[in-house]
Structures are given as structure tokens and as C-alpha cells.
Amino acid sequence: MKNLQLLLFLLVFVFASPNFYSQGFLKVDGKQIVNQSGDNVLLRGFGLGGWLVPEGYMLQSSNVANSPTEIKNAIIDLIGEANTEDFFNEYRDNFIRREDINLIAEWGFNSIRLPMHFELLTSRDETGVYYESGFETIDSLLSWCEANELYLILDLHCAPGGQSAEPISDYAGYPSLWESEAHKDKTVALWKEIASRYKDEEWIGGYDLINETAWELGDDNAPLRELFIRITDSIRTVDTNHIVFIEGNWFATEFAGLTPPWDENMVYSFHKYWNQTDVGTINYLLNLRSTTNRPLWLGESGENSNEWFASCVELMEDNNIGWAWWTYKKVSSTTGPISTPVSTQYQAVLDYWNGGPKPSETYANLAFQTLAQNLLLENSAIHYDVVDALLRQPYDNSILPFAENIVPGYIYAVNYDYGRLNHAYKDSEYQNIGGSNWNNGWSFRNDGVDIEACVDDVTNGFNVGWIDNGDWMKYTLNVQTAGKYDIVFRYASQSGGSVAKVLINGIQIGSSFSLASTGGWQIWQDHVLENVNLTAGSSELMVQFVLGGSNFNYAKFVLIEPSSVEEELPTDYKVYQNYPNPFNPETNIQVDLPAGTYLTIKVYDILGNLVSVITENEITAGKQNFTWNGNRDSGEKCASGLYLYKVDSEFGAKTRKMILIR
């Protein structure tokens with residue numbers, strides 16, 4: 001429900017934009033990028049980092065392997081060259097598929113930036129030798145983009161020799177790109193080959209010539225300008241249709257010597273990370289745009305909090321600057337929209353790379369097979385909070401439900417609403433400016449709210465921790481039954497001293513209450529707020545910590561006395577998504593029945609085996625709630641994983657997915 005609600009909002013929001021249906025070759029028109037009709041096009045997109053250019057921090061391998069070559073060699077050390085080649089073939093096949101591009105378009109983005117490694121397209125040793133397999137990968141991606149009306153911008157992320165001494169350029173030592181005429185010649189020839197193949201493709205948005213140069217090239221960056229002009233001239237011999245994107249030196253931040261512009265269809269591309277999001281940080285770029293009469297494009301940004309994301313996008317779009325966010329998919333991360341889980345086998349490999357015992361070749365090969373399989377979109381987690389921060393929050397301070405938060409029931413602390421800082425939540429440290437540690441838990445969501453794994457008896461897997469004075473979260477409640485409730489406030493505290501208060505619809509419930517020491521951060525106790533009156537429908541819960549120093553798991557709403565007003569029967573048959581989800585060990589399933597019926601609810605594992613029968617009975621009309629505690633009928637505990645529950649009645653059969661976490 002929460003995902004559908006957010007998706008519908010985003011679709012309405014983005015489709016209302018006049019730029020969404022942009023078509024034709026993108027062109028430069030003064031300080032704007034325009035389509036064939038002359039309409040201003042504001043690029044909103046994702047970089048596909050990690051796909052054709054693997055990076056250590058995206059694979060959790062930074063301790064031993066950061067660059068693509070280092071990563072490949074570390075894997076060869078474990079499973080050999082043949083198995084490594086098989087792994088990377090499956091890795092590339094699964095990392096980005098048509099389904100991924102469809103999803104990006106469904107969210108409302110209109111462009112893709114593709115980081116490329118020269119070795120996938122051309123020989124390291126011979127100029128003029130090109131690999132069709134690499135171009136076939138681009139062709140497939142382009143066809144998916146075209147089907148979804150997404151512009152594809154090609155980015156040479158790793159140039160021959162390396163344009164910097166950093167792992168992101170796959171630098172291999174002397175000679176670098178800047179120390180070898182042969183490497184420069186190869187780069188120029190490669191771009192001419194690329195342009196000759198895609199010169200007539202309208203959904204190619206342009207060519208990002210060299211990613212993030214970082215080399216001492218003199219005060220005027222003369223070697224960088226010279227190579228850019230050579231590449232541009234070479235492209236123009238075969239392609240006069242496409243924009244060329246020019247990045248500055250020092251990680252696309254320094255543009256000395258790169259003016260005046262040398263091409264009419266040219267855009268200056270900069271990158272922005274880990275600094276303030278005020279106009280002062282981009283004034284020099286706005287001046288660059290004014291003096292050159294060429295547009296700006298933020299080719300990379302990200303790796304921060306949702307609040308920073310929304311603020312940065314707001315800054316860019318207020319100044320008519322398009323952007324490509326970094327990055328779409330990573331392993332075990334909250335800062336991007338897609339997070340690939342770490343399997344038990346791959347964790348053993350990571351443990352080895354961090355000093356643990358070396359797994360056998362067979363076990364390590366299985367680890368990389370599971371990694372490749374987990375990269376599939378259907379096996380990864382989607383962080384809708386990141387999408388919301390990029391597309392809605394720059395323009396809208398309202399809050400949206402993150403979960404159904406049905407009352408009576410559990411309201412888990414981590415299921416606070418979608419929204420910006422000081423609207424959906426308040427946290428004292430909420431963004432990375434200059435290397436600040438803005439998050440301690442790095443789990444579940446990407447706001448300043450600190451979230452960690454929870455081991456309480458009842459949990460959805462996570463709790464809010466590292467709570468400071470004045471921190472708070474808001475929750476949209478779906479109150480099913482009016483009446484009098486007890487609110488069970490579940491907390492843990494190492495040493496006590498924390499003080500909290502609860503507000504419903506802005507009105508404080510009782511007095512602020514102290515939370516005594518429980519003896520540990522994962523030793524949980526209850527504090528009960530008694531006799532709280534709630535009306536049916538939507539309400540807002542706010543949990544505020546006057547003094548920090550405790551962890552927060554959930555607020556459980558227990559119906560003590562229903563309202564005397566007779567509740568109306570549902571008019572439609574509806575099966576709700578279970579809540580909480582994920583869960584451990586209990587979850588609730590609500591079914592709306594417009595009339596009495598024989599109802600069955602059965603739980604199956606992912607292979608279709610029957611796990612449990614929740615009910616097989618005549619059930620009266622009304623809003624009916626059922627509980628499943630994650631055990632088989634025999635009493636055996638079910639393992640963590642994906643389960644299906646099927647609800648069947650005379651009104652029809654419906655199936656939903658749910659996730660059990662032990």
C-alpha cells in the first residue's frame with residue numbers, strides 16, 4: 001500500500017511536468033538544453049554506477065579491492081579466471097535489465113548516465129579494435145531507454161591509462177592518460193567509433209567525454225582542453241547531432257582554461273558532493289554559464305542523506321540545472337534506491353577480505369553466484385524514501401505515510417512518515433557536510449534518524465537508536481476502531497535519564513514520562529500510557545524525546561474499550577498487506593468483509609509448500625484481523641525469508657507477500 005501510494009503521487013507529480021515527453025535530439029540553446037520543439041529540458045536521472053565499472057565501496061570490498069581491476073583480481077584469487085569471467089557475465093546481465101529501466105521511468109525520471117570502461121569496448125593494446133559485445137550492451141540499454149522515453153548519456157568513466165590516480169578511473173600506474181600520446185589517441189579514436197554508431201539515435205542524450213579528471217595539468221588545464229577539443233573535433237566528423245558534456249578538472253569542479261567554449265552544442269558538467277546546498281556553492285558555476293552562454297549539468301551527486309538530496313535538487317532546479325544521481329544500485333546500502341542483499345556466502349568472502357578465514361573455491365564460487373542472483377531487481381530492496389526525496393520533497397513539505405500503521409496494532413519506530421527534516425522528523429545530525437558522521441546505524445532508511453538492527457522479541461527487524469535531545473518522528477495512523485486505548489511504549493536504555501512525550505494530532509497525551517535504565521541498549525521494557533481516546537480514521541502520532549539516551553522499538557495500540565457508536569460495515573472486499581512487514585515473530589492480516597462468508601487464510605513458503613492455516617471458518621461481516629506468529633502448525637519455527645499468504649472467500653482469492661526476519 002505504501003509503495004503504491006507513493007508511486008501514484010510521484011507519477012502525478014512528474015507527469016504534470018511539461019518536460020516529461022521531451023523528444024528528438026537534445027540541443028544547446030544558449031544557457032538551456034532543449035528538445036526538437038525548443039522546450040527547455042530539465043534532465044532528472046540516475047547514473048548506473050557499479051554496472052560496467054565495479055567499485056569497491058558498492059560491493060563492500062574496499063578494504064582489499066577498490067578499482068575494477070583490483071576487484072577482478074581479488075575474485076580470481078578465490079575462484080580462478082574462468083569462474084570469474086562467468087561471474088562477471090552474469091553480474092552484468094543481472095545488474096541492469098529492462099525491468100530496472102522500466103522502473104526508473106515509472107518513478108518519473110527522464111534520463112540515464114552510463115559509466116563505461118574503455119576495455120569493454122576496445123582493446124587495451126591495439127587502437128581500432130572494438131568489441132561488439134560491449135556495444136551490444138549499450139544497444140540493449142538504449143532500446144530499453146527508447147521504449148521508456150529516457151535519454152541515455154554515455155560517460156567514459158575509465159579512459160585508457162586512467163585520467164586520475166584514483167580507483168574510479170582504474171588507474172594502473174605509469175603511463176596515465178596524461179602521460180601517453182598513445183592513450184590519448186586511443187581515447188579520441190574510441191569516441192569517434194562511439195559517435196559513428198550512435199549519430200542518428202535521438203534517445204542518446206549526449207557524450208560525457210571524460211569522467212572526473214584529477215591530475216596536475218597546470219593553472220590553465222591546457223592538456224585537458226586540448227584533448228577535449230581533439231575528441232570533439234573527431235566526433236564532429238561523424239556526428240553533428242549530439243551534445244558533448246565537458247567535465248572540469250579535480251573531479252569535475254575546476255574549469256580554469258576550459259573557456260571559451262569550442263563547440264556550439266556543448267554543456268559544462270560539474271559534480272557536487274559533501275558540501276552545503278546553498279547558492280554560494282555554485283555561484284562560480286552560474287558565472288561560468290553566464291560568461292560562456294552554455295548550459296550546466298550536474299552529472300553526479302548523491303551519497304548523502306535524503307534531506308541533503310532534496311535540498312540539492314531544489315537548488316539545482318531553482319537554477320534550471322538538470323542532474324544525474326549517483327547511483328541507482330549498490331550492495332547493502334541505504335543511500336540509493338536499490339539495495340542488493342548480502343548472502344551468507346558472500347558475507348564469508350567479505351569476512352575473508354577483512355582478515356577472516358579463506359573460504360574454499362567451491363564456497364566462494366557459490367558466494368559470487370548468489371551475489372549475481374541477488375542483483376536482480378526482484379531480489380533487491382527498493383528504498384522509496386530516496387525516490388521521494390529526489391522527486392517530491394524538493395517541491396512539497398507535506399508528509400506521506402511510510403506504512404499503513406493500522407490501529408489497533410504495532411506502530412514501529414522506524415516506520416515514521418516520508419518527508420523532510422522538521423516536517424516528518426527531527427534529528428540533530430542529518431547530512432554529511434565536509435565528512436561529518438550524520439548517521440550511526442546505516443540501516444533501513446536514509447534520513448538522519450539513526451536506525452539499527454533490533455533483537456527484541458517483537459520487532460520488524462529494526463529500532464531507532466542514538467536518540468538526541470529534541471529528536472522526534474511523526475506517524476500517520478489508520479485507526480480502524482474508535483475507542484479507548486492503552487499505548488505500550490517499548491524502549492531500551494543503557495543508563496536511563498531519557499524523557500519522552502507522545503502527541504496525537506498535536507495534543508500531548510498526559511505528561512512527559514521518564515524512561516529508566518533497562519540495563520542495555522537491546523534490553524527492552526514497556527512504559528504504558530493508559531486510557532487514550534482515539535476516533536476512527538486518520539490521525540497523526542508524534543513521538544518526541546525531550547531528553548535522549550534511549551532506543552525506541554514500537555508503540556503498541558491496545559484497544560481497551562470500543563466506542564459505543566456502531567461501526568459501519570465495509571462496502572468492498574479487501575485484503576490488506578500484512579503489518580508489520582517485515583516482521584518477527586508476529587504479523588497481522590486484515591480483511592474487509594462486506595458480508596459473512598467462509599474464509600480461509602493459508603501461508604505458503606516460496607516453493608509453494610503449505611506452512612500454516614490461519615483460519616478455515618465462517619467469518620462474520622466487518623473489518624477482521626488475524627495474527628500469524630511465524631510458526632508452522634506443528635509449532636516449528638519458520639526460517640527467515642519470503643512467504644505468501646492466500647486469502648480465499650466467496651468474494652475471490654487474493655495473495656500477498658510477506659517477509660519474516662529472525
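The values are calculated or read from the model by the stated rules, or taken from the named source; none is laboratory data. The model shown is predicted, which means the values in this text are computed figures rather than measured ones. With ideal geometry, Cβ positions are generated from the backbone for all residues, glycine too; neighbour counts draw on all protein chains shown.
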Next on the checklist: Between a residue in the range 545-563 that is within 21 Å of Asp457 (Cα to Cα) and not assigned by TED's automatic domain parsing to the domain that holds Ile467 and any residue that is of a type in the set (Lys, Arg) and in a strand (DSSP E or B), which pairs come within a Cβ distance under 6 Å, given they are 6 or more apart or on different chains?
Outcome noted: none
Checklist entry - What residue, among those in the range 625-646 that are under 32 Å from the mean Cα position of the chain (by Cα) and among the hydrophobic types (A, V, I, L, M, F, W, C), is surrounded by the most Cβ atoms within 10 Å (Cβ to Cβ)? => result Trp628
Checklist entry - Do the conditions hold for Asp185, that is, is it of a type in the set (Asp, Glu) and within 33 Å of the chain's Cα centre (by Cα)? => result no
Next on the checklist: For Leu366, only one of the following conditions fails: (1) farther than 21 Å from Gly50 by Cβ; (2) in the same structural domain as Ser111 (by TED's automatic domain parsing); (3) free of Cβ contacts under 8 Å to residues at least 40 places away in the same chain; (4) among the aliphatic types (A, V, I, L, M). What is its number?
Outcome noted: (2)
Checklist entry - Which one of these does Ile71 not meet: (1) touching a helix residue (DSSP H, G or I) at 6+ places or on another chain (Cβ under 6 Å); (2) in a helix (DSSP H, G or I); (3) at pLDDT 95 or above; (4) of a type in the set (A, V, I, L, M)? => result (1)
Item to check | Only one of Leu227, Leu217 that is in the same structural domain as Asn304 (by TED's automatic domain parsing), part of a loop (DSSP other than H, G, I, E, B) and not basic (Lys, Arg) | outcome: Leu217
Checklist entry - Which numbered condition trips up Ser428, out of (1) over 17 Å from the mean Cα position of the chain (by Cα); (2) closer than 25 Å to Tyr576 by Cα? => result (2)
Checklist entry - Can you tell me which residues in the range 134-153 are in contact (Cβ under 8 Å) with a residue 12 or more places away in the chain, assigned to a helix (DSSP H, G or I) and of a type in the set (Asp, Glu)? => result Glu146
Item to check | Residues of the range 73-116 that turn out to be touching a strand residue (DSSP E or B) at 6+ places or on another chain (Cβ under 9 Å) and surrounded by fewer than 20 Cβ atoms within 10 Å (Cβ to Cβ), as a count | outcome: 1
Item to check | Single residue of Leu42, Leu52 found to be part of a loop (DSSP other than H, G, I, E, B), touching a Leu at 6+ places or on another chain (Cβ under 7 Å), among the aliphatic types (A, V, I, L, M) and modelled with pLDDT of 95 or more | outcome: Leu52
Next on the checklist: Based on this model, can you work out whether Val591 counts as assigned to a strand (DSSP E or B), in contact (Cβ under 8 Å) with a residue 24 or more places away in the chain and in contact with a Lys or Arg (Cβ under 9 Å, 6 or more places away or on another chain)?
Outcome noted: yes
Checklist entry - Do the conditions hold for Ile589, that is, is it outside the structural domain of Arg445 (by TED's automatic domain parsing), farther than 30 Å from Asp468 by Cβ and modelled with pLDDT of 95 or more? => result no
Checklist entry - Within the bounds of the range 616-624, is there any residue that is loosely packed, with under 15 Cβ neighbours inside 10 Å and under 24 Å from Ala403 (Cβ atoms)? => result no
Checklist entry - Can you name every residue in the range 205-226 that is in contact (Cβ under 8 Å) with a residue 40 or more places away in the chain and among the small types (Gly, Ala, Ser)? => result Gly205, Gly206, Ala214
Checklist outcome for this item: Scanning the range 264-293 residue by residue, the ones that are touching an Asp or Glu at 6+ places or on another chain (Cβ under 9 Å) and assigned to a loop (DSSP other than H, G, I, E, B) total 3
Checklist entry - Is there a residue in the range 431-449 that is surrounded by 17 or more Cβ atoms within 10 Å (Cβ to Cβ) and outside any loop (DSSP other than H, G, I, E, B)? => result no
Next on the checklist: Yes or no: the range 191-204 includes at least one residue that is more than 31 Å from the chain's Cα centre (by Cα), free of Cβ contacts under 8 Å to residues at least 24 places away in the same chain, assigned by TED's automatic domain parsing to the domain that holds Val244 and not in a helix (DSSP H, G or I).
Outcome noted: no
Checklist entry - Of these, Glu636, Glu616, which one is in contact (Cβ under 8 Å) with a residue 12 or more places away in the chain and of a type in the set (Asp, Glu)? => result Glu616
Next on the checklist: Out of the residues in the range 162-182 meeting the condition of being part of a loop (DSSP other than H, G, I, E, B) and free of Cβ contacts under 8 Å to residues at least 24 places away in the same chain, tell me which one is farthest from the chain's Cα centre (by Cα).
Outcome noted: Ser180
